[in-house]
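All remarks here apply to the structure that follows.
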Amino acid sequence: MDGEELTEQETALYDRQIRVWGADAQRRLSKSHILVCGLKGTVAEFCKNIVLAGVGSVTLVDDRVVTDESLPANFLILPHENHYNGKTLAEVCCDSLKEFNPMVHVAVETGDISTFGVEFFEKFDAVIISCCSLGKKVLFQKLINQKCRKLSKRVAFYTVECRGSCGEMFVDLQDYKYSKKKLEETIECQIEYPSFEEAISVPWRALPRRVSKLYFAMRVIEQFEDVEGRNPGETSIADRLGVLKLRKELCETNSLDESQIPDALLERLLTDTREFPPVCAIIGGILGQEVIKAISGKGDPLKNFFFFDAMDGKGLIEDISGPSTRS
Amino acid sequence: MASQEQLSAIKRAKVLMVGAGGIGCELLKTLALSGFQDIHIIDMDTIEVSNLNRQFLFRQSHVGQSKAKVARDAVLRFRPNISITPYHANVKESRFYVDFFKEFDVVLNGLDNLDARRHVNRLCLAAGIPLVESGTTGFLGQVTVHLKGKTECYECQPKPAPKTYPVCTITSTPSKFVHCIVWAKDLLFAKLFGDKNQENDLNVHSSDTANSSEHSEDVFECRKDEDIERYGRRIYDHVFGHNIEVALSNEETWKNRNKPRPIYSKDVLPEEQTKENGNEEKGCAADDVSAMVSLRLKNPQDIWSLVENSRVFLEALRLFFLKREKDIGNLTFDKDDQLAVEFVTAAANIRASSFGIPLHSLFEAKGIAGNIVHAVATTNAIIAGLIVIEAIKVLQKDNNNYRMTYCLEHPSRKLLLMPVEPYEPNRSCYVCSETPLSLEVNTQRCKLRDFVEKIIKAKLGMNFPLIMQGASILYEVGEDLEEDMVVIYAANLEKALSELPSPVTSGSVLTVEDLQQEFSCSINIKHREEFDEEKEPDGMLLSGWVEAPVDKDNNKPIGNDESTSNALPSMETLDGDKDDEIQETSEVVEAFAGKKRKLSEVSEVTAPDPSGPSSINQNKPEKLDIDDEDDELIISDDWESFTKKKKL
């Protein structure tokens, strides 16, 4: 048992979910602190999910000013003319999220968190990044992941990106121990996760043969955007040749056959860059579940990438690890 | 995604949502964000506190209001310029008839009960409108697509009926806690606080020896000037003491079973102690009355001792009579009635104690008694996303790409979301393929009323049936029937089948229709003299209607409530209670299961390259990575784990 009981209010509100994960897990959730950076549609979905779940607090980071473009997939933004005069995405979403569950503390943090010290991250139990306007997605994610890993406390790290009909999620729980019931016994489990940098550095030829093509395609697009100094999603069909060229180079370096990264898939990722609400709901839901699992210590967490493609409808897990952390 | 053609198809579409609850809120939000502009939504419920953990369009201040209306208002806040038409109504109402459904391009279900789903299925078939079905329970979920003539309808794959238990298990030989709950809820609670005119099986002895039902009636009536404490103990002693002693006297019953022990209040709660109970609640509203509060039992997750349960039993009973007298005689069990839940928990636990069955907390007991479906927001969000994806395919008539998608708790071959191609319609489906059914019944003893209640309504899910033999109408329900017909039909209900004006005997063929559902089927009647009272308590056997097999939980729909009530007990136990299994329908299931074919095998056109416009650089088109064998394996292996309840 973890100490204080749930209040009567919490028991009544959380009844249906306590029946899923138990009162202990609910208590742990209520003490947890989540940091969220990059308030696009998928992350909005995720925030809604964890606020409803009853986490202790959610801290939002997104200094971008609200514009008409922010509206499409983000239902936390209410389109009133005077509503968002100069307000940032974080501020507007904060107001909306508070309404979903008054028991959750929702706050805003400003600034470039990749420059913040390690002690800033110590406050949190989970950090979720969906890179937006910072131009260097890979570097940004690496930096934050490193900070999370430097702490003696385990801070769970997640990245998420949705483009058109595709979505990708990454999980790093470092050295994760948990227990679960198998039949009548309780067994202890341990999973070692590679860091973000380690994962994306795994040579492609070292990966199992049937790894999702979406993994490779996302890496190509990601590198292309970084090299060209683009914000995530700032691509079009005009970039086709550039991307195919990059693919060729990467495949050569990695001894991977180019057919493993189909043209059609790359084209889709180049042109359909806007978030597609159903995919946001799906990825936001999976992400929500994963964070709840990690915080409550209940349930097998996924390791370490999750992909969804509405084209084939599959939602699959890929283990992208080097030999030391391969399960 | 959302190409130009998709966007225009979406903008033009008129969508009907049935259900504004867990899935409904997520779905309405996602539809609105995806560009849908004309959405209609039907839901008969009002908002409750326990909804707020996932039905995020609702706030505390909305409790008691219509879900459909509040959902609409909430979504209009972030999409003010779309049209959402709410109906605070039951989808089974006659105004939602076939022509109403015909107005829509697609129907999206977010329901939580089998009955309504079957009803909507039939209306969609009659209207020829595509239906996207869905369900969630905890971390599990599924989305299925149904197009008349092209895919299975919702009823092509048998859906198990809600669990019921044999009378004797409930009244005499419980072996599981749920049996004790059913006893406490449907027998004891009903007897004490419900309609006194209702038939009640309490005290029925399994061997049918002379049972002094007159005597029982006296026992349960509170005597004039009787002290409530006295009365409570008298009831306690009768049901937990005396009745157990009577049951024990029948040696036969206990030959292969553990004997229960009788429990008397004086042994558990010596007289003086009860007087110390009860903190008189001065001036509290009748609704807030609670035995737990009165006895200072704080945590609903605690498992009370026999002593505590007994205290709760007596205190709850006392509070009902003292504070809620006007309710007595009218009550049906309501999971949101705290005092009722306390009483049922305590009664079930005392009975369990008597029979050596583990006791449960109020929290657990409430879940069982109230058929509570455990639910979280994330699964509903995922399912809503999948529904919208299918809905868009439907609008574009993207026939080769429809998918049934299963959201798993544990990955299967790396998949957490598993798409499967839909199957072609089941040719033995009595709903969409109009296959006739057969009924074995004793035509001389069975009344038309039983046929209507147990078969037509309960099993076949018809609400407004019309029953004919040839040109002769035996029975119908309707609003504008002539008076003399109404009289005839009422009389017919009380007649045995063979005595009807148009006699129904072996070889008769009855046609049964539901005009609202525009659904009809025929039933071939076969006379049979004897039926096993234990195994076929209904005295009727319907076949050709494929029921789910009893040994596996195949095709169990996710997100359907499971009734534990036992109003008309029959033998359909699906929880592996080995003593009571029946095998009759499993053969029928096996016969048809092998014949299902996937849509892709049926059509001669090859599936288009799902990765989009054909690429220049590839040798092979990107194919769906699912082959036949894998699907069969995946589904039958994993469906078992779908239904294993999570232990807290």
Which far-off residues, 5 or more places away or on another chain, put their amide H under 5 Å from the one on B:I41, with H placed in the peptide plane?
B:M17, B:T85, B:Y87
The base-10 log of I(q)/I(0) that the Debye equation returns for segment A:197-269 at q = 0.15, 0.21 Å⁻¹, one scatterer per C-alpha, is -0.46, -0.91
Through the Karplus equation 6.51 cos²θ - 1.76 cosθ + 1.60, θ set to phi - 60°, convert the phi angles of segment B:252-257 into ³J(HN,Hα) values in whole Hz; use x for Gly and Pro.
3, 4, 9, 3, 10, 10
Residues whose modelled amide H sits under 5 Å from the amide H of B:S412, counting only those 5 or more places away in sequence or on another chain, are none
When Cβ neighbours within 10 Å are restricted to other protein chains, what is their mean count per residue of peptide A:303-314?
6
Give me A:S236, B:S543 ranked fewest to most by other Cβ atoms within 10 Å of their Cβ, as a rough exposure proxy.
A:S236, B:S543
Within 10 Å of each Cβ of B:406-416, how many other protein chain Cβ atoms are there on average?
4
Segment A:193-322, Cα convex hull volume normalised per residue, Å³:
122
Based on the alpha-carbon gyration tensor of segment A:128-243 and its eigenvalue square roots a ≥ b ≥ c, which shape applies: rounded if a/c is under 1.5, prolate if not and a/b is larger than b/c, or oblate?
prolate
For a quick protection proxy, order the peptides B:183-196, B:476-489, B:383-396, B:447-460 by their average other-Cβ count within 10 Å, most packed first.
B:383-396, B:183-196, B:447-460, B:476-489
Using only the Cα atoms of segment B:284-380, build the gyration tensor, take square roots of its eigenvalues as a ≥ b ≥ c, and label the shape rounded, prolate or oblate: rounded if a/c is under 1.5, else prolate if a/b is larger than b/c, else oblate.
oblate
Separation of segment B:297-311 and segment A:193-226 by C-alpha centroid, Å?
55
If you count, for each residue, the other Cβ atoms within 10 Å and average over each peptide, how do B:27-33, A:292-298 line up from highest to lowest?
B:27-33, A:292-298
Pairs over 26 Å Cα to Cα, from A:K136/A:K213; A:K136/B:K11; B:K176/B:K526; A:K177/B:K29; B:K67/B:K323, come to A:K136/B:K11; B:K176/B:K526; A:K177/B:K29; B:K67/B:K323
C-alpha center-to-center spacing [segment A:118-160, segment A:254-327] in angstrom
18
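Using only the Cα atoms of chain A, build the gyration tensor, take square roots of its eigenvalues as a ≥ b ≥ c, and label the shape rounded, prolate or oblate: rounded if a/c is under 1.5, else prolate if a/b is larger than b/c, else oblate.
In terms of gyration-tensor shape, oblate.
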Partner chain Cβ atoms within 10 Å, averaged over the residues of B:22-34 - can you pull that number for me?
4
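Where a number appears in this text, it was derived from the coordinates with a stated rule and is not lab data. Only a predicted model underlies this, so the values are computations on that prediction, with no experimental measurement involved. Cβ sites come from the backbone with ideal geometry, for glycine too, and all protein chains shown count toward neighbours.
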